[in-house]
Structures are given as C-alpha cells and as structure tokens.
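Just below is one structure, and these are the notes that go with it.
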Amino acid sequence: MAARNDRAGIDDRWFKKVRQPDGTTTTEKSAVHGKVARWRVRWVVDGREHTKVFERKADAQAHLNHLTAEVVKGSYVSPHKSAVLFRDVAQEWLDGKGARKAKTVAGYKSLLDTLILPKWGDMKLSDITHGDLQRWISGLSVNGSTKTEGKGLSASRVIQAHQCFGAVLKYAQRTDRVGRNVAEGIELPSKGESERRYLTHKQLQTLARHAERFETLTLVLGYCGLRFGEAVALRGRDVKDKQITVRTSVTNVTGQGLLEDTTKTNRARWVPVPAFIWERLQAELPVDGDALVFPGRDGGWLTTGEYRWQFDPAAIETGVPGLVPHELRHTCASLAIASGANILAVQRLLGHQTASMTLDRYGHLFSDDLEKVAKSLDTAGKKALKSTAV
C-alpha cells in the first residue's frame, strides 16, 4: 500500500536549496540544470521509493493527484507489480481454467496464441492503454492480426478476442497487477443477424432419405434436437422407453482430437422420441448397451467429416445447399413450436440453460398475433360471464 512520508512529493531537479553559513537558504542551479526533465514525482510503497519525471510541473502535479486518488480508492498498484508481462499473466489465467471443458480451454489458447500474444505478449501490463486496445480491436475487423495480416476477422472472432483479453486483465486486477481493466468500454463490431433456415417436415424427411446410412441419425437430429456431438456419444443404454437420455457429448478439441465430456450445460436430459422414429431407432440399436448407437465406419465415434460426406450431397438433393448439421437443431425447435410446444418445453427439449436463452433464439417463431389473443380472451370471458349469470 502507498504511504506518505517526507520523501513523497514533487522535486524541482533544476534548482536546489543551499544552506548558507549564516543560516539562510538560497536557491541555486543544480548540476543537471537544463539537461533532464525538470519535475520529479516521488512516492513510497511499503518502504520502497518510486519516481516518475515530467517536463511540466502541471503534469507532475496531475500524476501525484492521480496517485493520491488511487490510494484513497484502494485501487493503487505498485509499479513493480504492473511491470509483469501480459503473456505471463495470461498463462497464469489459463492455468487456472483446468476445471473448464477441454474444448473451452483449447478455444482460449487458440485466441491467445493466434491473435492476442503476438501483439501484446511482451508488453508490460502498465503499458497497455485503453486507446491502444481500442485501435487494435478496430483493426482486427479490417487488417486481421499479425498472423492473419491483410485479412479481416469476423465480428464474432473479434468479440471473442476482446472477451479473452478482458478476462486476462480482470484476473490481473483481482491479483493486484492493475488498478483497472482497460478492456472495459471498448467499442466492438456488430455481429449482425445471420438468417436461419428451418426445414419443413417434408424437407427434413427428404434430406434424411438422401442421407442413406445416416437416415435415422438425421431424423433424430431434426426431430429430437440433439447436438451432433450428443448424438455421436449415445450408447445403447441411453435409448429406451421411447426416450433418449443425453448424458455426454463428443467434441473435436484442437491438438487432442475427439474427446467425450459432459453436455454443454453439465446436465443430463431426457428427450422424447416420436413414434415413427422410435420404430426405426429400435431396429438399429446395438445389442451391447455400451456400444455406440451411431458409430463411424471404424467402430469409433462418428466424425463430422464422415457424416457430411453423405449429408452435404443430401442437402443439395433436397434443395437446401450449404445446410449444416446444426441447422437440424433449429429445425427441431421450429417444428416443435409449430406443433404447439411452449417455450419451457422447447427449452427442456433442446437442453438450454435458461428459458430466456430459448426465447432469445426462437422467440420470433411464436405467434405474436395480439388480435388472436384478444379474441381468445373475449371468448373465455364471455363463457365465464354466462356461467356466473344469475
């Protein structure tokens, strides 16, 4: 903590006080007069003196006032603590993410290695300013990073880079390396709304038929709303009594390959299977309860690439070129809502953390015809009036 003592304050380095034999004090030029910055701010932290020099006294006074305010607020950070390199703090922060999913940690590492550290890794925390960070963030959309120079990044990737950078600085703030997080208040690019495609029943079933050996899997994705990794992780014991128990998910982690982990929300969920799909699914279930329901050709986990070898041509045949497997999950939400499912039912079906998340993504699919609402209320109200009339 910063403390006041007789060494703290502002010194004039060009002039010095000299005591005369008669006891009076005079001001004389110092040996460094005109050779160095004139004004020096001195302050003491835990018995250790720190200094900073300025050409103008007004600037020196402003710095001293700033230091004093930080001490009062409790946000003062010792210069030797903030002199640590960004890459060292980033590594500490990353090391503390061991409890996160492997794919999440790999994503952080990718952002650091490809975007953030090449620019900021060897910079001291104390040298990182809000303005410099804003210019870098703005430039990513146009010029990319030092490793992708000349190729602008997508808005989503820029936002991810900012979130990761801000998380490292937030950790630095918690560990008393910086007094404030300069990543706060940065203007970010707008992601814009990407148009989602929702297949009809006919399109979905046509797609499944053209997917050939993956017909049942495609129907499960489109009617049960499983994520691809969740479907790939299913074992025989997970499918019974006309429902699927989703316990785990398989993801492709950079540098580690396919890994099985808990679901995105870390919770199991139970998904009902429509009768016409259940009949097909039962016929394909493995005898061994531990065996995979939808294995790859090698008997192991099915990869996205192997599935899309059949899926992509099937999408073209169906008239929806460029369709990706995850859009089958959106299709499931759309078909469920069209069939009368409420927002909570759709949330449980898809395994979203909250109903608000489901509403944010699919709320536009629910009818907003207020006239119909008024008519329904009118009908119900009149019926109640008749039943209570004397």
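No lab work stands behind these numbers, since they all come straight from the coordinates. Just so it is clear, the structure is predicted and the values come from calculations on it, not from any experiment. Methodologically, a virtual Cβ is constructed for each residue, glycine included, from the backbone with ideal geometry; neighbour enumeration extends over all protein chains shown.
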- Would you list which lysines come within 20 Å of LYS382, measuring only between C-alpha atoms, while excluding same-chain residues fewer than 8 positions from it? LYS372
- Using 12 Å as the cut-off for backbone N distance, which residues of region 310-340 belong to the label zone defined by a point 7 Å from the Cα of ARG209 along Cα→Cβ? 318
- Query: Near LYS202, which lysines are there with a Cα under 26 Å away, not counting those fewer than 8 places off in the same chain?
  - Reply: LYS242
- Item | Computed lengthening from SER376 to ASP95, 0.36 nm per intervening residue step minus Cα-Cα distance | 95.4 nm
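Given only helices, namely DSSP H runs of n ≥ 4 each adding -39500 (n - 2.57), what is the per-residue ellipticity at 222 nm of the chain, to the nearest 500 deg cm²/dmol? Could you put the intermediate results ahead of the total?
Numbers: 16 runs with 177 residues, N = 390.
About -14000 deg cm²/dmol.
As an exercise, use a Förster radius of 25 Å and the Cβ-Cβ distance of ALA155 and ALA355 to find the FRET efficiency, rounded to the nearest 0.05.
Working: r = 27 Å, r/R0 = 1.07.
According to the calculation, E is roughly 0.40.
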- Message: For mean projected area of the Cα convex hull in nm², one of (i) 34.5; (ii) 28.7; (iii) 18.5 was computed from the structure I shared and the rest are decoys. Which label?
- Response: (i)
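Mind listing which GluC sites (Glu not before Pro) in region 17-67 are in a DSSP loop and have 16 or fewer other Cβ atoms within 10 Å? Please list the in-between numbers first.
Details: sites: GLU28, GLU49, GLU55; in loops: GLU55.
Hits after loop and neighbour filter: GLU55.
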- Query: Between THR24 and HIS130, what is the label-to-label distance in nm when each label sits 7 Å out along the Cα-to-Cβ direction?
  - Reply: 5.1 nm
- Task: Round to the nearest 10 and give me the degree value, 0 to 90, for the angle of helix 130-143's Cα axis relative to the longest principal axis of the chain.
- Result: 40 degrees
- Message: Students often forget the sequence filter, so: which aspartates and glutamates lie under 15 Å Cα-Cα from LYS29 once same-chain residues fewer than 8 apart are removed?
- Response: ASP11, ASP12
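Rounded to the nearest 0.05, what FRET efficiency is calculated for ALA345 and LYS191 with R0 set to 35 Å and r the Cβ-Cβ distance?
0.80
Please arrange PHE294, PHE311, PHE15 by counting, for each residue, the other beta carbons lying within 10 Å of its beta carbon, fewest first.
Details: PHE294 19, PHE311 24, PHE15 13.
Ranking PHE294, PHE311, PHE15 by Cβ neighbours within 10 Å, fewest first, gives PHE15, PHE294, PHE311.
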- Item | Full-extension gain in nm, HIS326 to ARG267, via 0.36 nm per residue minus C-alpha separation | 19.2 nm
- Task: Could you work out how far apart the two model spin labels at GLN163 and THR254 are, taking each label as a point 7 Å from the Cα in the direction of the beta carbon, and quote it in nm?
- Result: 1.5 nm
